[in-house]
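Contents: one structure, followed by commentary.
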Amino acid sequence: MSEVTRSLLQRWGASFRRGADFDSWGQLVEAIDEYQILARHLQKEAQAQHNNSEFTEEQKKTIGKIATCLELRSAALQSTQSQEEFKLEDLKKLEPILKNILTYNKEFPFDVQPVPLRRILAPGEEENLEFEEDEEEGGAGAGSPDSFPARVPGAAIFFEFKHYKPKKRFTSTKCFAFMEMDEIKAGPMVIELYKKPTDFKRKKLQLLTKKPLYLHLHQTLHKE
């Protein structure tokens, strides 16, 4: 194990413990934030090209699955349902797996798959990720978006949050979000908000803010 990999595993472990500690103390906002940050770092490593990673493809697959579990726990903390879908005690089972990822060769304890590939800049990786201030103060369009029409370009559903700017007399896109096709299932869903303009090709996504701010949906599926 190189010194770089050793340091990386130590940072991952420290982040995992911070999130779990916040979670157990009831500091949900801090726990969600820590889980999301770690999940993105793990996703980035899981998606790394072979020449740029010291991990094997099987190890990267396991890392991606741990990232999925972190997102599941984060979504469970934000769910309005009384029963949590992914519990803290479930998540804690993954700490020794992450710590010993280089020697872990057992079956993963949960039936999950790595999340779809998304090029996401983690909070703090780029400046100016905070909300952009509107030029006008007060009036229609200030504050919350007025509407969020949905589009379906290809294999994803996009939500555009729009608001009206009375001084310029036009409707502007504030931010956007999207769902992959495999995310379309009944029940609660938490998806991230991205900076405009809407990137339908999903080539380079930038989070709207480094704060834990998400679009909360509850999906109901109807069969014709």
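The values are calculated or read from the model by the stated rules, or taken from the named source; none is laboratory data. Note that this is a predicted model, so its numbers are computed, not measured. Here the Cβ is made from the backbone with ideal geometry for all residues, glycine too, and neighbour counts use every protein chain on show. In case anyone asks, the SASA skips ligands and DNA or RNA and just uses the protein heavy atoms, side chains included. Shrake-Rupley method; radii C 1.70, N 1.55, O 1.52, S 1.80 Å.
Scanning region 154-173 for residues that are within 22 Å of LEU217 (Cα to Cα) and in contact with a Ser or Thr (Cβ under 9 Å, 6 or more places away or on another chain) returns PHE158, GLU160, PHE161, LYS162, HIS163, THR173. With respect to ASP111, is the statement that it is closer than 30 Å to PRO188 by Cα, open to solvent by 20 Å² or more (accessible area, probe 1.4 Å) and part of a loop (DSSP other than H, G, I, E, B) true? Criteria met by ASP111.
Residue-by-condition table, conditions (1) charged (D, E, K, R); (2) open to solvent by 40 Å² or more (accessible area, probe 1.4 Å):
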| position | (1), (2) |
| --- | --- |
| PHE159 | no, no |
| PHE170 | no, yes |
| ALA186 | no, yes |
| LEU193 | no, no |
| PHE200 | no, yes |
| LEU207 | no, no |
| LYS210 | yes, yes |
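Checking each residue in region 168-214 for being in contact with a Cys (Cβ under 7 Å, 6 or more places away or on another chain) and either part of a strand (DSSP E or B) or under 16 Å from ASP33 (Cα atoms) (or both) picks out LEU193, TYR194, LYS195, LEU208. Would you check which residues across region 9-65 are over 15 Å from the mean Cα position of the chain (by Cα), among the small types (Gly, Ala, Ser) and surrounded by 19 or more Cβ atoms within 10 Å (Cβ to Cβ) and list them? SER15, ALA20, listed by residue number.
Considering (1) in a loop (DSSP other than H, G, I, E, B); (2) open to solvent by less than 100 Å² (accessible area, probe 1.4 Å); (3) at pLDDT below 80, the lone condition that LYS223 does not fulfil carries the number (2).
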